[in-house]
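Colleague: There's a structure below that I have some questions on.
The values are calculated or read from the model by the stated rules, or taken from the named source; none is laboratory data. Just so we're clear, the structure is a prediction, and the values are computed from it rather than from any experiment. So basically every Cβ, Gly included, is an ideal-geometry build from the backbone, and we count neighbours across all protein chains shown.
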Amino acid sequence: MKRFFLALTLLAAALPLRAAELSPIEQQVADAVKSPKVTVVHFWATWCGNCKHELVSGGWKDFLATNPDVQVIFVTSWDPKPGAPELEKYGLGAQPNLTVLQHPNSSRKKETQMLSFMGLPMQWLPTTWVYRDGKLRYALNYGEIRFPMLQQMVTDSLDKW
């Protein structure tokens, strides 16, 4: 099943999207990931235990400090509670390489929740995508990030593919 979603993610990443198909927040992220720098897009929620564990561990704060040239975008998803105040509790928000966005569809109900973003499936929190030059390099669609793995993905993304 995981292979299916990875294959679907990679297929969707190869398909061009027209600007009219994207919501304003998706367009903002789509514009950001076009950068020649590595961009990490991280979907999370204030109520998500795995998302909070990543914050408590200090992993994101350390990652941002260690990688000032990597742009990180947190998209608070499936959550009516604003994410920025929660991130501030863990020392996140003032970093110049961090952007915090709130997805307007905050529904957690299966029939109305956001299930895709920029044409890619987004069905679990946390979800982390790594881009460079507008191309999806890695997609971790199920669960908590391991920061040594994220660091390796960033390093690998800097190589010419």
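Colleague: All but one of (1) in contact with a helix residue (DSSP H, G or I) (Cβ under 9 Å, 6 or more places away or on another chain); (2) crowded, with 18+ Cβ neighbours inside 10 Å; (3) of a type in the set (Phe, Trp, Tyr) hold for Tyr90; which doesn't?
Modeller: In the conditions (1) in contact with a helix residue (DSSP H, G or I) (Cβ under 9 Å, 6 or more places away or on another chain); (2) crowded, with 18+ Cβ neighbours inside 10 Å; (3) of a type in the set (Phe, Trp, Tyr), Tyr90 misses (2) alone.
Colleague: Would you mind stating whether Thr76 is closer than 13 Å to Ala45 by Cα, out of contact with any Pro (no Cβ under 9 Å at 6 or more places or on another chain), of a type in the set (Ser, Thr, Tyr) and buried (at least 20 other Cβ atoms within 10 Å of the Cβ)? First the steps, then the outcome.
Modeller: Working: closer than 13 Å to Ala45 by Cα: yes; out of contact with any Pro (no Cβ under 9 Å at 6 or more places or on another chain): no; of a type in the set (Ser, Thr, Tyr): yes; buried (at least 20 other Cβ atoms within 10 Å of the Cβ): yes.
Against the criterion (closer than 13 Å to Ala45 by Cα, out of contact with any Pro (no Cβ under 9 Å at 6 or more places or on another chain), of a type in the set (Ser, Thr, Tyr) and buried (at least 20 other Cβ atoms within 10 Å of the Cβ)), Thr76 does not qualify.
Colleague: What tally of residues in region 110-140 results from selecting those that are under 14 Å from Val75 (Cα atoms) and in contact with a strand residue (DSSP E or B) (Cβ under 8 Å, 6 or more places away or on another chain)? Spell out the reasoning first.
Modeller: Here is the first cut: in region 110-140, the ones under 14 Å from Val75 (Cα atoms) are 114-118, 122-130.
From what is left, the residues that are in contact with a strand residue (DSSP E or B) (Cβ under 8 Å, 6 or more places away or on another chain) are 115, 117, 122, 125-130.
Going through region 110-140 one residue at a time, the tally reaches 9.
Colleague: Taking Val33 as meeting all but one of (1) surrounded by fewer than 14 Cβ atoms within 10 Å (Cβ to Cβ); (2) modelled with pLDDT of 95 or more; (3) β-branched (Val, Ile, Thr), write down the number of the exception.
Modeller: (1)
Colleague: Considering each residue of region 106-122, count those that are without any contact (Cβ under 8 Å) to a residue 60 or more places away in the chain and buried (at least 16 other Cβ atoms within 10 Å of the Cβ), and give that number.
Modeller: Summing the residues that are without any contact (Cβ under 8 Å) to a residue 60 or more places away in the chain and buried (at least 16 other Cβ atoms within 10 Å of the Cβ) in region 106-122 gives 2.
Colleague: Could you go through region 105-119 and let me know if any residue there is of a type outside the set (A, V, I, L, M), in contact with a Ser or Thr (Cβ under 9 Å, 6 or more places away or on another chain) and part of a strand (DSSP E or B). Don't jump to the end; show me each part of the working.
Modeller: Residues of region 105-119 of a type outside the set (A, V, I, L, M): 105-113, 116-117, 119.
In the following step, the residues that additionally are in contact with a Ser or Thr (Cβ under 9 Å, 6 or more places away or on another chain) were identified as 105-106, 113, 117.
Going one step further and asking which of them are part of a strand (DSSP E or B), we end up with 117.
Scanning region 105-119 turns up at least one residue that is of a type outside the set (A, V, I, L, M), in contact with a Ser or Thr (Cβ under 9 Å, 6 or more places away or on another chain) and part of a strand (DSSP E or B).
Colleague: Continuing with the same structure: Please determine, by comparing only the residues of region 36-68 that are modelled with pLDDT of 95 or more and among the hydroxyl-bearing types (Ser, Thr, Tyr), which one is surrounded by the most Cβ atoms within 10 Å (Cβ to Cβ).
Modeller: So, considering only residues that are modelled with pLDDT of 95 or more and among the hydroxyl-bearing types (Ser, Thr, Tyr), the one surrounded by the most Cβ atoms within 10 Å (Cβ to Cβ) is Thr39.
Colleague: Next up: Can you confirm whether region 57-74 contains a residue that is among the β-branched types (Val, Ile, Thr) and over 19 Å from Gln151 (Cβ atoms)? Before the answer, list the steps.
Modeller: Start the filter on region 57-74 by keeping residues that are among the β-branched types (Val, Ile, Thr), which leaves 66, 70, 72-73.
Then keep just the ones that are over 19 Å from Gln151 (Cβ atoms); that gives none.
So far as region 57-74 goes, no, none of its residues is among the β-branched types (Val, Ile, Thr) and over 19 Å from Gln151 (Cβ atoms).
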